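See below for the structure under consideration.
What follows is calculated from the coordinates using simple rules that are stated; it is not laboratory data. Source: prediction; values computed, not measured. Here the Cβ positions follow ideal geometry from the backbone for every residue, glycine too, while neighbour counts run over all protein chains shown.
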Amino acid sequence: MKLSQLLTAPNQLTLLRMMFLPFIVINLAGGHYTWALTLFVLAGFSDALDGLLARTLHQQTVLGQYLDPIADKLLLSTVFLVLSILHKIPWKFTVLVFSRDISIVCASAVLYAIAGLRDFRPSIFGKANTFAQVAAVFFVLLLEVQHVRWIAIARLTFLRATFFFTIISGLHYIFVVGRRLRTNHAAPTTSG
């Protein structure tokens with residue numbers, strides 16, 4: 001059954017997106033920003049396409065629910081890290097992005113282990129954060145290809161949006177988890 005989930009078109013696209021990552025990093029490290037940008041855009045396109053295919057073909061799977069956000073986080077976190085190493089993104093943004101993502105992964109693992117909680121769908125703030133990160137990376141790379149003032153402004157705007165939504169989505173996640181834990185803890189006492 002797991003193999004059949006892996007072979008669905010949306011999950012194959014997600015795996016393809018993960019395979020773009022080393023080539024994006026190689027091009028960034030080599031200073032080939034046009035190629036890095038092209039591959040990043042293709043990865044983003046495959047992300048949109050796999051979601052559309054999953055809904056259209058009714059191929060939404062449990063594996064896809066986990067694989068898709070993992071692929072997104074892996075791509076964005078790695079690109080943020082490499083761009084900070086290359087001094088294209090200030091470290092404060094990357095540290096904040098990593099801190100939030102690592103905290104969420106650790107908290108999710110602990111909550112699953114101690115309370116069996118595992119359904120953590122992205123909130124509107126989480127989606128806004130992902131959009132801001134994608135746009136920030138896009139404009140950081142585009143600025144390396146074309147040094148135009150409006151691109152520099154867009155780059156700064158989306159980096160600031162990333163900073164804001166990373167904090168807001170992190171706080172919202174803490175709130176939601178706290179509420180779910182209280183509900184989960186209160187459920188046995190009300191039924192007993």
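Taking amide H positions as placed in the peptide plane 1.01 Å from N, state which residues far from ILE89 in sequence (5 or more) or on other chains have amide H under 5 Å from it.
SER84
Using mean Cβ contacts within 10 Å as the protection proxy, how do 127-140, 27-40 order, highest first? Mind showing how you got there, number by number?
On the way: 127-140: 20.9, 27-40: 17.7.
Most protected by this proxy first, the peptides run 127-140, 27-40.
Set the Förster radius R0 to 30 Å, insert the Cβ-Cβ distance between ILE124 and ALA29 as r into 1/(1 + (r/R0)^6), and round the FRET efficiency to 0.05.
Details: r = 35 Å, r/R0 = 1.17.
It comes to 0.30.
Residues in the stretch 122-156 near a label at LYS92, defined as backbone nitrogen under 17 Å from the 7 Å Cα→Cβ point?
155-156
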